[in-house]
Every structure is written in structure tokens, then in C-alpha cells.
1. Compute the Cα gyration tensor for the stretch 94-173, then decide on rounded, prolate or oblate, letting a ≥ b ≥ c be the square roots of its eigenvalues: rounded whenever a/c is under 1.5, prolate when a/b is larger than b/c in the other cases, and oblate in all that remain.
2. Sort Arg111, Arg192, Arg67 so that the residue with the fewest other Cβ atoms within 10 Å of its own Cβ comes first and the one with the most comes last.
3. What does the C-alpha gyration tensor say about the overall shape of the stretch 1-159? Classify as rounded when a/c is under 1.5, otherwise prolate if a/b is larger than b/c, or oblate.
4. Build a GNM of the chain with springs between Cα atoms under 10 Å: which of Gly168, Gly40, Gly52 gets the top mean-square fluctuation?
5. If you place +1 on the Cβ of every Lys and Arg and -1 on the Cβ of every Asp and Glu, how big does the dipole about the Cα centre of the stretch 15-63 come out, in debye to the nearest 20?
6. Which whole-number percent is the relative contact order of the stretch 77-220 (Cα, under 8 Å, 6+ apart)?
7. Mind checking which of His89, Phe143, Pro156 is farthest towards the positive end of the stretch 77-220's charge dipole, using Cβ charges of +1 (Lys, Arg) and -1 (Asp, Glu) about the Cα centre?
8. Comparing Gln46, Gln75, Gln17, which has the greatest mean-square fluctuation in the GNM of the chain with Cα pairs linked when under 10 Å apart?
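Values quoted throughout were computed directly from the atomic coordinates according to the rules given, and no laboratory measurement underlies them. Small disclaimer: the values here were computed from a predicted structure and weren't measured. Note that we place each Cβ from the backbone using ideal geometry, even for glycine, and neighbour counts take in every protein chain shown.
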Amino acid sequence: MNTTTLERPQAQQAIGQIAVDLPGATAIFRRLKLDFCCGGQVPLAQACASKGLDTDAVLAELARLQRDDQAPDTQDPAALIDHILTRYHAVHREQLPEMIRMARRVEAVHRDHPAVPVGLAALLENMEVELLEHMEKEEQVLFPAIEAGSAVLGSPIGAMRDEHTGHGALLDRLAALTTDHTPPPGACNTWRALYASTAQLTDDLISHIHLENNVLFPQVEG
């Protein structure tokens with residue numbers, strides 16, 4: 001499982017580098033109208049000052065994007081479910097819309113570049129649909145049944161395992177489209193941030209599936 005701890009963003013760090021290093025930062029910068037792409041070489045403090053923003057407040061918001069990947073060391077299914085919901089389900093819902101937006105932009109702006117990931121936005125849209133449907137099933141059916149101590153869990157768990165296999169196939173397609181999440185030389189900050197985000201999504205989804213398949217489900221399967 002991915003347990004890498006990212007360094008906290010700093011006021012004098014270039015805003016473009018923060019966008020690349022910290023998945024999710026682009027959504028904050030876009031909302032605050034901070035230019036991390038063409039103006040990405042500017043320190044965060046300077047970019048905030050030019051927009052009349054409180055640098056400390058922006059740093060605090062960025063810090064909240066750093067998440068604890070450590071699953072609770074417990075045999076309590078309810079605690080594991082709570083961790084899955086907050087660390088993975090909520091994060092996937094945050095990650096994908098911003099990634100789709102960036103993918104559309106990269107595909108449009110760099111459409112003549114030989115390495116442009118044609119079809120990436122469509123793939124991410126498909127992943128979003130499938131993940132949202134999958135997580136809804138877990139949240140509405142499987143997880144409540146687990147927490148209620150149901151003895152009839154084999155069928156829903158089997159269905160979730162099958163869907164996890166499908167998610168793995170989508171991750172393979174994602175890796176192929178992004179050349180294993182490696183932007184081409186000279187790629188703009190948006191392109192680099194996009195691939196940093198696809199790499200983070202991949203790590204998150206693999207960890208998410210591992211925690212369910214290999215930790216949670218064996219605890220409750222008969």
C-alpha cells in the first residue's frame with residue numbers, strides 16, 4: 001500500500017511545482033484563479049499577493065490535501081469501513097472531476113503533440129461512472145450488511161471482487177494511455193499535474209482494493 005508522506009507546501013515554493021507534487025492542488029488554484037500553468041514559476045506567496053489572498057490560508061487549505069494512508073490496525077470491520085469511506089471513497093469523488101477537466105484541457109491545447117493522450121478524458125469519465133456506481137453499492141448495501149453482522153455476505157462480496165478486477169483493467173488502460181504516468185519532455189505544468197494525479201489515483205485505487213479484498217472481506221466472509 002502507498003504510505004508516502006508528501007512534504008508540506010511552502011510559501012516560497014513555485015506554484016507550478018506544488019501543482020505537480022500535490023494532487024488536488026490544481027482544483028484549489030483554479031478556484032482561487034492562481035495561474036499554476038503559464039505562471040507556474042512564481043512563488044506561491046507572490047501569486048497569492050497578486051490576487052490579494054492570504055498565503056497562510058491557502059497553505060492551510062493545501063495541507064488538508066495530505067492524507068494519512070495508514071489503515072487502522074484493527075479487527076473491527078466498522079473501523080476499516082470508516083477508513084475506506086473517508087480515505088478512499090471521498091477522495092475518489094474529489095479526484096476524478098478535476099482530473100477529467102485537466103485531461104480535456106491537455107487533449108485540446110496539445111492536440112497536435114505526438115504524445116497527447118487521446119481518449120484520456122473519456123477513459124477517466126468511464127472510470128468515474130464505474131467507481132461511483134461501485135461505491136454506491138458498497139455504501140448502500142454491502143457495508144451496512146457487514147456492520148449489521150449479516151451472515152449472508154458471499155454474493156455481494158463476490159460481486160464487489162469481480163468489479164475490483166474490472167477496475168484493475170481500467171488502471172492498465174490508464175497506464176498505457178499516460179505512458180505509465182510519464183509526461184513528455186517539456187510538458188506544461190497542467191500536463192505534469194494531470195499525470196501526477198493519474199499516478200495518485202492509481203496508487204489510491206490499488207490500496208483501496210487491497211484493503212477491501214485482503215483485509216476487510218476476509219474478516220467477514222464465512
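1. It is prolate, given that a/c is not under 1.5 and a/b is the larger ratio.
2. Least crowded to most crowded, the residues run Arg111, Arg67, Arg192.
3. In terms of gyration-tensor shape, oblate.
4. Gly52
5. Numbers: 4 positive and 5 negative charges, 42 e Å.
Value, rounded to 20: 200 debye.
6. On the way: 91 pairs, mean separation 50.9, N = 144.
Normalised by residue count, the contact order of the stretch 77-220 is 35 percent.
7. Checked the options; the winner is His89.
8. Greatest mean-square fluctuation among the candidates belongs to Gln75.
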